[in-house]
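**Q** Before anything else, here's the structure in question.
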Amino acid sequence: MKNMTIKKETLTDKDFKIIKKWIKDNNIEYLEKATKEKLSNLTEFTINRDYNIPKEFFKLKNIKKLGIINRKIIPKEIYSLKNLEILFIVSYKRGYKIDKIPDGITKLKKLNTLRLSYNNLTEFPKELCDLVNLQSLMFSDSKINKFPEEISKLKNLKKFDLSGNGLISLPDAICNLENLEVLNMSNNGIKTFPKNMSKLKNLKELNLWNNNLLELPEELCNLVNIEKLVLSGNRINKFPESISKLKKLKELDLSGNKLNNLPKDISNLKNLKELNLWNNNLLELPEELYNLKNLEILNISYNKIKNLSEKISNLNKLKELSASGNKLKILPKNIKNLQKLNTVDLADNKFKEFPKELCSLINLKEIDLSLNKIKKAPKNITNIKKLEKLDISN
């Protein structure tokens, strides 16, 4: 349906069946041929660029999702779509970016999802604060740096995306969104956080990828219900001991930072399933890390680690181990006890021989030992019946 055109000729029932669920085209000047009676069940509609939309369309009562892409003028008639629940106004091209919200948006009382990405807005529009049924709000890749106090009226907001806005701090006003569950502040310039951040007591996911953090702020450690924390691509070089308060944390991404060590209290993150430490400055892993018995995915690639502890056998739920780009020469003997391992990446280390311990891991599907000095695989590698991918290339 990429270049679908509704022609002047009489439309068959088959034609209407195709377009009833979704219309996405670049030539809709004859949409009026699709009568109100025929398209009465239409629920989703996307319009690209500045084509005219027949007024008859705005009388359709079942439209719940509307997408407006690369359009200079937002038709005021969209506010007659009283049952609209999802509205996307996205401008990927220069010259099409909006710099203000069209009047009348507050009439869309049933709106629960609003995306206004790639625009020239510099202030959060106050009008949106009256859309009290909003649950998801996306302003990614915009220029917003001011927020009204009235934003606290959005009591039902659960997902807020402010990625790519050039923010240098998390606005205080956002901390009044006490039912927020997902907050994406990635790709900004954030250095500091408000002290009242603990008010976000329902926050489960926080994305702070690619900001200017030098350390993990104490304020973040008060988000006791958080389950996923992304801190990759910053310049973090130390962690507060209070990270142990994040007892519900399941995913922690610290890749691409400047960490030399990890706090001992990391062992208190008992529910942690995924830990990403790729591309830091770690010389070793703390013994306490091996107490994370629910860990399923561990990435310690591209650090400066020379040895892994025999305590690695404690991680008996581990499924994926990535340790490429380190200085490993041997593996601990007890690694053979990790019978749930299905993927091992040990590329670009200092191995001269194929680690025989791997041959006891019968559930392995992928082994990457490339960029080492291994010349051959041992005969008993045939013990690994499920092996699908093996790389020992130099």
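Bear in mind that the values in this text are calculations on the coordinates, not laboratory data. These figures come from a predicted structure and were not determined experimentally. Note: ideal-geometry Cβ built from the backbone for every residue, glycine included; neighbour counts use all protein chains shown.
**Q** Report ³J(HN,Hα) in whole Hz for each residue of region 203-217, in order, from the Karplus equation J = 6.51 cos²θ - 1.76 cosθ + 1.60 where θ = phi - 60°; Gly and Pro get x.
**A** 5, 10, 9, 10, 10, 10, 4, 6, 10, 10, 6, 9, 8, 7, x
**Q** Name the residues of region 307-323 whose amide N is less than 12 Å from a point 7 angstrom out from the Cα of E357 along the C-beta direction?
**A** 307-315
**Q** Now, a different point. Most exposed first by the Cβ proxy, i.e. fewest other Cβ within 10 Å, how do D345, D103 rank?
**A** D103, D345
**Q** While we're on this one: When only Cα pairs under 8 Å and 6 or more residues apart are kept, what is the percent relative contact order across region 159-252?
**A** 24
**Q** Can you return the aspartates and glutamates within cross-link range of K64? Criterion is Cα-Cα under 13 Å, with same-chain partners fewer than 8 residues away left out.
**A** E44, E85
**Q** Given Cα pairs under 8 Å that are at least 6 residues apart, what percent is the relative contact order of region 306-394?
**A** Answer for region 306-394 is 25 percent.
**Q** From the helices alone, meaning DSSP H stretches of at least four residues, give me the mean residue ellipticity at 222 nm for the chain, per-run term -39500 (n - 2.57), in deg cm²/dmol to the nearest 500.
**A** Estimated from H runs of four or more residues: -500 deg cm²/dmol.
**Q** Also, quick follow-up: Taking the Cα-to-Cβ direction at K61 and at K109 and moving 7 Å from each Cα, how far apart do the two end points lie in nm?
**A** My value for the distance between the label points is 1.5 nm.
**Q** OK, next. Given the alpha-carbon gyration tensor of the chain, what are the semi-axes of its equivalent ellipsoid in whole angstrom, ordered largest first, with each equal to the square root of 5 times an eigenvalue?
**A** The answer is 50, 29, 17 Å, longest axis first.
**Q** Please name which of F57, L137, I300 has its Cα lying farthest along the dipole of the chain towards the positive end, using unit charges on Cβ (Lys, Arg +1; Asp, Glu -1) and the Cα centre as origin.
**A** Checking the options against the dipole of the chain, the answer is F57.
**Q** Cut-off 10 angstrom, C-alpha nodes, Gaussian network model of the chain. Which of K329, K258, K270 fluctuates the most?
**A** K329
**Q** So, one more: With +1 on each Lys and Arg Cβ and -1 on each Asp and Glu Cβ, and nothing else charged, work out how big the dipole of region 185-233 is about its Cα centre, in Debye to the nearest 20.
**A** Value, rounded to 20: 160 debye.
**Q** Relative contact order for the chain: what percent, with Cα pairs under 8 Å and sequence separation of 6 or more?
**A** Computed value for the chain: 6 percent relative contact order.
**Q** By per-residue mean of other Cβ atoms within 10 Å, what is the highest-first order of 137-145, 115-123?
**A** Packing order, densest peptide first, comes out as 137-145, 115-123.
**Q** Sticking with this one: Run the reach check for K199 against aspartates and glutamates, Cα to Cα strictly under 13 Å, same-chain hits fewer than 8 apart removed. What comes back?
**A** Qualifying aspartates and glutamates at Cα under 13 Å: D172, E178, E181, E219.
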